[in-house]
Structure formats: C-alpha cells, structure tokens
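The values are calculated or read from the model by the stated rules, or taken from the named source; none is laboratory data. Computed from a predicted model, the values in this text were never measured in an experiment. With ideal geometry, Cβ positions are generated from the backbone for all residues, glycine too; neighbour counts draw on all protein chains shown. Please note that ligands, DNA and RNA were not included when accessible areas were found on the heavy atoms of the full protein model with its side chains. Shrake-Rupley method; radii C 1.70, N 1.55, O 1.52, S 1.80 Å.
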Amino acid sequence: MDDSTPPPSPPNDLLIAVCTYQESQNIQAMLTGLRRAFPVACLLVVDDNSPDGTADLVREAQQTDRRIELIVRRDKRGLGSAIVDAMKYAVAQGYRFFVNLDADQSHDPAQLPDLVRVARDQPEVAVVIGSRYVPGGKIVGWPIRRRLMSKLVNRFATGFLKLPVKDCSGSMRCYRTSALDALNLNSLQCTGYAVLEELLVKLHRDGRRMVEVPITFTERELGHSKLTFKEALRSVRFMLRLAITLRRNPNVP
C-alpha cells in the first residue's frame, strides 16, 4: 500500500460503549439488547475491575460475539474517565460515531437507532442527545428526590454554563468522533458525572451544533444507582468552578 492510498475503513463506523462497575445483574441483557438494535456494530464495555464478575460475563459473551470489546481498568475509577477512555478508543480506531449509554438498562437500546439516524442525516451535528426534558421525553419510576437532583443539575448547567439544551446530564448520546478528536480529550478535567456537562461546554464553545431527541428513561430494577446526593453536589461544585473560569477568561478552550 503506497502513501496515497487511504487507510481502510472499519467494518462498521459505529462504536457503542457502556461503562460498568458492578453491573453483573444487567450487563448480559444490555449486550443482548444492543446487539438486537445494531446487528453489526462494535460493542465496547469499559469495566472498572468490578468485584462482582461483570467482566467475566462480558468475556462469556465474547465467545459467541466477536464484535464485543472489553477494557478492564485496574488503576482508575469513575464514570467520567471511563467514558473519556471509551471515546479515545473510538477516535484511535477510526470510528465515525461514538454512542454511550448507561449499563443498568435505564436506557433502552431500542431507542438508540433514532439518535444514530439523526447523526447520520445531519452532518453538521456534533452530538445527538437522548433527552428526558424535551417534548416526548419522560422519566419512569424515579422518586421525587432523584427528579429534584436531576432538575437541579440541569437548571444549573443551562443557567450558569449557557448550554443550549434541556438535558445536560443524560449520558445517552451519539457523538461525531471528529468533533471529539478536535476537543483534545486529554484536556477534560472531571472524572465524575459532570464530565457530561464539560463535554457539552467544550463542544458549544467550539461552535459545534447539538440536537436533542426525546427518550424514555426508566429507573433501574436491578443493582444500585451510583449517583448519590454527594456525587450530585460534587458535580454542581465542578460546574460552578467551570462557570467561574469561563466568566473570568472567556477564551479558555
């Protein structure tokens, strides 16, 4: 192959990632649902060395599905850094689109094709957000405390960070990897849930377009939520620092 020959395209241009910690009760059903929605897409599980055997169940699934990839992180913790590591993998492997969603079945894989379709049809869009807070979107099974925490985070983000979307904290998204690559993913600072807002801030400041597609979010039935009140406050504190930084220095990338 000479230098003028473009590199071969991957067999499929879409990578779908789920980031896990102690999701042994959900991971098999999630992988099955994803494969049903996307028969040929590459599925990536980024597991933080779960002590409950989540990674072992993924290895079992790999025996019958060669398009499942597994990364086990033994020296890192945190949803934010796991999502960023998955994004780096997507960029490095040459995928055009990167999809992320929760591993606990609160996100229905059957809704993902709508997000991917919008991303493919609108090449000017950098990220398509599965939104609970646009017309047609809804939340099923959340207690009042969770609804209040979510609204607090989202109103704070839209108000202080000037984000032009209604759902800033949901992780069900389809990104264009060229936009992610242009951001310099190594510059992201948050290792927790607030990385979801940080990504939108960077995309928005880079002049990238984002759109929302309504989804139904359902409270998990198995396992335990990793989002605590303490983590929600931590996210708000990070966003406050980010907002102050942006106001003091509007040219910060």
Per the filter on region 77-90, residues open to solvent by less than 10 Å² (accessible area, probe 1.4 Å), within 19 Å of Ser50 (Cβ to Cβ) and in contact with a Phe, Trp or Tyr (Cβ under 7 Å, 6 or more places away or on another chain) are Gly80
Filtered residue count, region 102-144, keeping only those that are free of Cβ contacts under 8 Å to residues at least 12 places away in the same chain and charged (D, E, K, R) | 2
So, of the residues in region 91-107 that are surrounded by 21 or more Cβ atoms within 10 Å (Cβ to Cβ) and touching a Cys at 6+ places or on another chain (Cβ under 9 Å), which turns out to be farthest from Leu183 (Cα to Cα)?
-> Ala103
Do the conditions hold for Arg120, that is, is it under 21 Å from Arg35 (Cα atoms) and basic (Lys, Arg)?
-> yes
Scanning for something within 18 Å of Ile16 (Cα to Cα) and within 13 Å of the chain's Cα centre (by Cα), does region 154-170 turn up at least one residue?
-> yes
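Per-residue answers, yes or no, for (1) β-branched (Val, Ile, Thr); (2) surrounded by 21 or more Cβ atoms within 10 Å (Cβ to Cβ):
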residue	(1), (2)
Pro109	no, yes
Val116	yes, no
Gly130	no, yes
Ile144	yes, no
Lys162	no, no
Out of Arg132, Arg67, sole residue that is closer than 15 Å to Ala17 by Cα and of a type in the set (Lys, Arg) = Arg67
Can you name the condition, by its number, that Thr191 falls short on among (1) part of a helix (DSSP H, G or I); (2) modelled with pLDDT under 90?
-> (1)
Restricting region 170-192 to residues that are touching a residue at least 60 places away in the same chain (Cβ under 8 Å), farther than 17 Å from Leu112 by Cα and small (Gly, Ala, Ser), the one surrounded by the fewest Cβ atoms within 10 Å (Cβ to Cβ) turns out to be Ser187
